[in-house]
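Got a structure for you, questions after.
The values are calculated or read from the model by the stated rules, or taken from the named source; none is laboratory data. Owing to the predicted nature of the structure, the values given are computational and were not obtained by experimental measurement. Reconstructed Cβ throughout: ideal geometry from the backbone, glycine too, with neighbour counts over all protein chains shown.
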């Protein structure tokens, strides 16, 4: 028997962990498919993730239209359609995270692809992380505020989680091909088969972006050296160009690291437990 209280408590903790790791600040959100009613999902009311603390802070939404089950529920996030449309499109998706991470955001702006560059991010695959552009979805009268304000915009984002071939498949694809999607000038969205997996993916998507940025800066500085300087630094050893994970490396590292996800989760859990800012009263 699934323990609803346990899932609610884990959802509150996940909000705190995402904030502690800088994946969210006052903005950003995580949701979970309702464990007792898979036609609905849970996420916090419209509040900063660090301040979520009680079951009363959580709202149950219908997946069908992302409207609250309780018409008297607290005000919700405008962009809850990101979550509802992911659950609607992909039955295996259990938890969804949306972030404006400053480390990831440059890759949604600069025209530089985000790639998996180390073993902790094998879940990103060996191809560039897809980029969803809201401009491709707007009609002529919609506000260009870059927010996912409707089921249609949420559905268009959800479609970006599959290849172009699978977007037009008949019947439609029911499993995502990609584990994260960048949102142009906005942020990124990821998901998991459980809350823990979604949080791990969000944290290490951010970490991977930071590593890639640092590596690119170092590479740029190295390539600016004169040939004698470069030879002196490299000791005459041939230096290869920037290289992301290969397809096989991504395939092999994802399950290897995924099998150890209890380790970071346990650390993060303790970190937020001892911080007075975070309260979990469930």
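Can you name the condition, by its number, that residue 106 falls short on among (1) in a loop (DSSP other than H, G, I, E, B); (2) at pLDDT 95 or above?
Unmet condition: (1).
Would the range 229-250 turn up any residue that is at pLDDT 95 or above and within 30 Å of residue 3 (Cα to Cα)?
no
Let me ask something additional. Among the residues in the range 2-17, are any surrounded by fewer than 14 Cβ atoms within 10 Å (Cβ to Cβ), part of a loop (DSSP other than H, G, I, E, B) and within 20 Å of the chain's Cα centre (by Cα)?
No.
(1) part of a loop (DSSP other than H, G, I, E, B); (2) touching a strand residue (DSSP E or B) at 6+ places or on another chain (Cβ under 7 Å); (3) surrounded by fewer than 21 Cβ atoms within 10 Å (Cβ to Cβ): which one isn't true of residue 60, the others all being true?
(1)
Here is a further query. Find the residue count for the range 89-106, including only residues that are closer than 26 Å to residue 260 by Cβ and touching a strand residue (DSSP E or B) at 6+ places or on another chain (Cβ under 6 Å).
Residues that pass the stated criteria total 8.
Which one of 44, 39 is free of Cβ contacts under 8 Å to residues at least 40 places away in the same chain and either surrounded by 23 or more Cβ atoms within 10 Å (Cβ to Cβ) or touching a helix residue (DSSP H, G or I) at 6+ places or on another chain (Cβ under 7 Å) (or both)?
Going through 44, 39 in turn, the sole match is 44.
Within the range 47-57, how many residues turn out to be in a loop (DSSP other than H, G, I, E, B), surrounded by 15 or more Cβ atoms within 10 Å (Cβ to Cβ) and more than 20 Å from the chain's Cα centre (by Cα)?
Count: 1.
At pLDDT below 95 and closer than 27 Å to residue 10 by Cβ: is that true of residue 174 in this structure?
yes
Checking the condition in contact (Cβ under 8 Å) with a residue 24 or more places away in the chain, within 17 Å of the chain's Cα centre (by Cα) and buried (at least 22 other Cβ atoms within 10 Å of the Cβ), which residue from 87, 20 passes?
Of 87, 20, the one residue that is in contact (Cβ under 8 Å) with a residue 24 or more places away in the chain, within 17 Å of the chain's Cα centre (by Cα) and buried (at least 22 other Cβ atoms within 10 Å of the Cβ) is 87.
Please determine whether any residue of the range 18-41 is more than 13 Å from residue 76 (Cα to Cα), assigned to a helix (DSSP H, G or I) and in contact with a strand residue (DSSP E or B) (Cβ under 9 Å, 6 or more places away or on another chain).
Looking for residues that are more than 13 Å from residue 76 (Cα to Cα), assigned to a helix (DSSP H, G or I) and in contact with a strand residue (DSSP E or B) (Cβ under 9 Å, 6 or more places away or on another chain), one finds at least one in the range 18-41, hence yes.
Report every pair of residues separated by at least 6 positions or lying on different chains whose Cβ atoms are under 6 Å apart, first residue within the range 141-168 and at pLDDT 90 or above, second in a loop (DSSP other than H, G, I, E, B) and exposed (fewer than 15 other Cβ atoms within 10 Å of the Cβ).
Sorted first by the residue in the range 141-168, then by its partner, the pairs are 146/185.
Something else: Of the numbered conditions (1) surrounded by fewer than 15 Cβ atoms within 10 Å (Cβ to Cβ); (2) more than 22 Å from the chain's Cα centre (by Cα), residue 26 fails exactly one; give the number of that condition.
(2)
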